[in-house]
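The values are calculated or read from the model by the stated rules, or taken from the named source; none is laboratory data. Keep in mind it's a predicted model, so treat the numbers as computed, not measured. FYI the Cβ positions are ideal-geometry reconstructions off the backbone, even for glycines, and counts take in every protein chain you see.
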Amino acid sequence: MTDQSLQNFDIRTFQEQMLQWYDDNKRDLPWRQTKDPYKIWVSEVMLQQTQVNTVIPYFERFMRKFPTVYHLAEADEQTVLKKWEGLGYYSRARNLHEAAREVVAIYGGQVPEEPKQLATLKGVGPYTKGAILSIAFNQPEPAVDGNVMRVYSRLLKIEEDITKYRVKKQFEETVRQTIPAHNPRDFNQSIMELGALICTPREPMCLLCPVQQHCKAFAAGIERDLPIKKKNKKQKVIPYVALLIQNDQGDFIIEQRPASGLLANMWQFPMVPIEEIGRDHLENWLYGEYGLHISLKEERGKLRHVFTHLIWEITVFTAETTDTAPLDKRLRIVQPSELETFPFPVSHLNMMKFLQEF
Ligand code: SF4
């Protein structure tokens, strides 16, 4: 693919057109006002799987709280998760935090600009590495994500499945050959920007595209058919019962999730995989699992939360307990006003609306 796909492709004109278009059209985003590698790194991690408009307020709050890599390295994990609360994919925050500690401990607080060193940091994969190296350090490194693969698959009419590792690696090599040595920083961002504003997934605006003259998919009238992406396997649906448990002093019981796996170390209202346990055994299971005595009150509503590979279907119940002392070490008894100090995933933040009805 690499050699043939660039045949008859006027790389130099393409580069010039992209850089000019970027100069004229780039959005004024907070992370574009800096070349600080730490800030660019944070922004790139936040932007993975997340819309720009969602990221902006998170980025600004995060920077106020952790303005340098030292501030982030010194913070405790719960504070970092709290600042990430609602943004999803929390392993990104945990990896970033751990990597910030590595940068301070190993590299004296300087984000490494040597590709091999940068790649060893926790959570820094090929895309993030390429984005930091090109945007912060102006190095001619490709930063290839789904957005960039969409643009290149159309431009070069590459009809291969972009979910395959081998194909992604080939894209990286192809993109690498098109990066201008004099301005990798703006060039890589111009491709990302084209993918975000013009060469969008469903309705690419080819008539406004600055590089339409080079686009092989447009010429063939198949731009909407690319990229080719193998469909995700159907997500597994898991029914849960979540419990808003209050004791007679009005305190709530919350639970910390395990230290590894999905939403690791986040907090939630106790949640029971109800199909596995069975509705009739719910109280007994809670006693066996946590030493917690409850009596179930009423159903308050249902919520659905979609992850990449699974879906939680949650039925929310209120419940009472007579327990007032700390129970299992995963559980905490907290006053309603304290709930907001713990990092909760979105599904459980949404559940809090039921608390207002208490
Ligand atoms: Fe994308 Fe259309 Fe431009 Fe081709 S012409 S790169 S499909 S926007």
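Numbers for the structure displayed
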{"quantity": "Filter result for ASN265 (exposed (fewer than 15 other Cβ atoms within 10 Å of the Cβ), touching a residue at least 40 places away in the same chain (Cβ under 8 Å), away from the ligand (no atom under 11 Å from the Cβ) and outside any strand (DSSP E or B))", "calculated": "no"}
{"quantity": "Residue ranges of helices (runs of 4 or more DSSP H) in region 1-106 with at least 2 members over 23 Å from ASN138 (Cα atoms), outside the structural domain of ASN183 (by TED's automatic domain parsing) and not charged (D, E, K, R)", "calculated": "2-5"}
{"quantity": "Single condition ASP36 does not satisfy, out of (1) surrounded by 14 or more Cβ atoms within 10 Å (Cβ to Cβ); (2) under 19 Å from the mean Cα position of the chain (by Cα); (3) not β-branched (Val, Ile, Thr)", "calculated": "(2)"}
{"quantity": "Residue that is surrounded by the most Cβ atoms within 10 Å (Cβ to Cβ) [pool: residues in region 175-201 that are near the ligand (Cβ under 9 Å from one of its atoms) and without any contact (Cβ under 8 Å) to a residue 60 or more places away in the chain]", "calculated": "CYS199"}
{"quantity": "Number of the condition not met by GLU275 [criteria: (1) assigned to a strand (DSSP E or B); (2) more than 22 Å from PHE342 (Cα to Cα)]", "calculated": "(1)"}
{"quantity": "Qualifying residues in region 220-255 (those that are in contact with a His (Cβ under 8 Å, 6 or more places away or on another chain) and under 30 Å from LEU286 (Cα atoms)) - the one surrounded by the fewest Cβ atoms within 10 Å (Cβ to Cβ)", "calculated": "LYS236"}
{"quantity": "Subset tally (residues that are farther than 12 Å from PRO227 by Cα and touching a Ser or Thr at 6+ places or on another chain (Cβ under 8 Å)) for region 148-170", "calculated": "1"}
{"quantity": "Members of region 123-165 found to be in a helix (DSSP H, G or I) and more than 16 Å from the ligand (Cβ to nearest atom), listed by number", "calculated": "PRO126, TYR127, THR128, LYS129, GLY130, ALA131, ILE132, LEU133, SER134, ILE135, ALA136, TYR165"}
{"quantity": "LYS229 being in contact with a Ser or Thr (Cβ under 9 Å, 6 or more places away or on another chain) and more than 10 Å from the ligand (Cβ to nearest atom)", "calculated": "yes"}
{"quantity": "Answer residue from region 89-108, given it is surrounded by fewer than 18 Cβ atoms within 10 Å (Cβ to Cβ) and modelled with pLDDT under 95 and is nearest to the chain's Cα centre (by Cα) among those", "calculated": "TYR89"}
{"quantity": "Total residues in region 276-290, condition surrounded by 13 or more Cβ atoms within 10 Å (Cβ to Cβ) and closer than 14 Å to ALA242 by Cα", "calculated": "5"}
{"quantity": "Contacts under 9 angstrom Cβ, first residue in region 202-227 being in contact (Cβ under 8 Å) with a residue 60 or more places away in the chain and outside any helix (DSSP H, G or I), partner charged (D, E, K, R) and within 6 Å of the ligand (Cβ to nearest atom), 6 or more apart", "calculated": "CYS215/ARG154; CYS215/GLU223; ILE222/ARG154; LEU226/ARG154; PRO227/ARG154"}
{"quantity": "Counted residues, region 46-63 - those being of a type outside the set (A, V, I, L, M, F, W, C), without any contact (Cβ under 8 Å) to a residue 24 or more places away in the chain and closer than 24 Å to THR200 by Cα", "calculated": "3"}
